[in-house]
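Working notes, structure below.
The values are calculated or read from the model by the stated rules, or taken from the named source; none is laboratory data. Here the structure is a predicted model, which is why all the values come from computation and not from measurement. Note that each Cβ is placed from the backbone with ideal geometry, even for glycine, and that neighbours are counted across all protein chains shown.
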Amino acid sequence: MDNSAFTSPSLARRIRGLSRLVVRQLGILSSACGALPLSPVQAHALIELGQQELSIKQLAQLLNIDKSNASRAVSKLTEKRLVQTRVNHRDSRSLQVQLTPRGRTMLEKLDRQQDTLYHQVLAQLSREESQQIAQSLDRFHRAILQAKAQEGFEIRPLQAGDDAAIAAVIRAVSAEYGLTADKGYGVADPTLDCLSQVYGGEGACYWVISLDGEVLGGGGIAPLANEPGVCELQKMYFMPQIRGKGLARRLANHALAFARDAGYRACYLETTAVLSEAVKLYESIGFEHLPCPLGNTGHDACEMPMLKQLKS
């Protein structure tokens, strides 16, 4: 199953199209950066070198380009006497690049030019609209970085052959956080070793995250007992090696999209303050704290009930 199954192809294409238009209108495809004798890559290099002295390798990493492209940009900037290089005293094979006084003057001109352009653009928008765009671009940038960090990982529905592996993940993570079976947490569920059967019913699904065939995490959706129209986000567990890559957010969004398509009006979950990273994630995607639990989950040790209303 394609792990982007709940992403609208038309929405993805619309964002692609808008991105292309923005790139074109900002002149990023041009050979010069506005009225200045700088290519877009050279302009970006000047901005980064204005912050600190860098090696060509570091510059390439910051600009997300290959080292040869960064080297060519530095060569052009050197010819224009905007930067100068010196041998790295720690590594004689590496060159350090820094701005010249002329380069700093050019950077000031670049900043003035771009500030003017962006002030003119933002003058067409309200302060609230500008703030929304800034927040959305920040989130979009983080999403791009996370997508790159997630290369090679697969999110797919749980299969019977995964039961032992995901049960081992749940037990390992529970032990890591002290969520032992005798305290009434999910690790005590008698069905833990046969989750493919548990999530095989209507309105339910469990997904695992795997890398090179190894199951390293998972999470699922199932109806909430005694609460018609409400589902529960359940058993979200991730091994340490896959944390910090945005996979938990991606899986949660995937599960919530499934819940909407299944006709649920709200999604419920129960967690504990011990899982502080999980609590922050749930809050960030719209879950709100409840004064008391809903339904009948059987997990009386999870003291933090939360609910998210689902919109189609």
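Condition test on E154, is it over 24 Å from Q309 (Cβ atoms) and part of a strand (DSSP E or B)? So E154 fits the description; yes. Of the set (1) of a type outside the set (A, V, I, L, M); (2) surrounded by 13 or more Cβ atoms within 10 Å (Cβ to Cβ); (3) assigned to a helix (DSSP H, G or I), all apply to R14 but (2). Selection over segment 250-263 of residues that are buried (at least 22 other Cβ atoms within 10 Å of the Cβ) and either in contact with a Pro (Cβ under 7 Å, 6 or more places away or on another chain) or more than 21 Å from A149 (Cβ to Cβ) (or both) gives a count of 1. Go through (1) acidic (D, E); (2) surrounded by 13 or more Cβ atoms within 10 Å (Cβ to Cβ); (3) over 30 Å from K148 (Cβ atoms) one by one and return the number of the condition E79 breaks. Among (1) acidic (D, E); (2) surrounded by 13 or more Cβ atoms within 10 Å (Cβ to Cβ); (3) over 30 Å from K148 (Cβ atoms), E79 violates only (2). When L216, L307 are checked against the criterion of being within 19 Å of I155 (Cβ to Cβ), of a type outside the set (D, E, K, R) and either in a loop (DSSP other than H, G, I, E, B) or modelled with pLDDT of 95 or more (or both), L216 stands alone in meeting it. The set of residues in segment 202-212 that are surrounded by fewer than 12 Cβ atoms within 10 Å (Cβ to Cβ) and in contact with a strand residue (DSSP E or B) (Cβ under 9 Å, 6 or more places away or on another chain) contains only E202.
Every condition in (1) in contact (Cβ under 8 Å) with a residue 24 or more places away in the chain; (2) of a type in the set (A, V, I, L, M, F, W, C); (3) farther than 17 Å from L107 by Cα holds for V74 except the one numbered (3). Remark: D300 falls outside the filter, which requires a residue to be at pLDDT 90 or above and either basic (K, R) or assigned by TED's automatic domain parsing to the domain that holds Y237 (or both). In segment 228-245, is there at least one residue being in contact (Cβ under 8 Å) with a residue 40 or more places away in the chain, in a loop (DSSP other than H, G, I, E, B) and polar (S, T, N, Q)? No: zero hits.
Whether any residue in segment 175-183 is of a type in the set (S, T, Y) and assigned to a loop (DSSP other than H, G, I, E, B) is what I want to check. Yes; the residues of segment 175-183 include at least one that is of a type in the set (S, T, Y) and assigned to a loop (DSSP other than H, G, I, E, B). Does E227 qualify as being within 24 Å of A273 (Cβ to Cβ) and acidic (D, E)? When the stated conditions are applied, E227 passes them.
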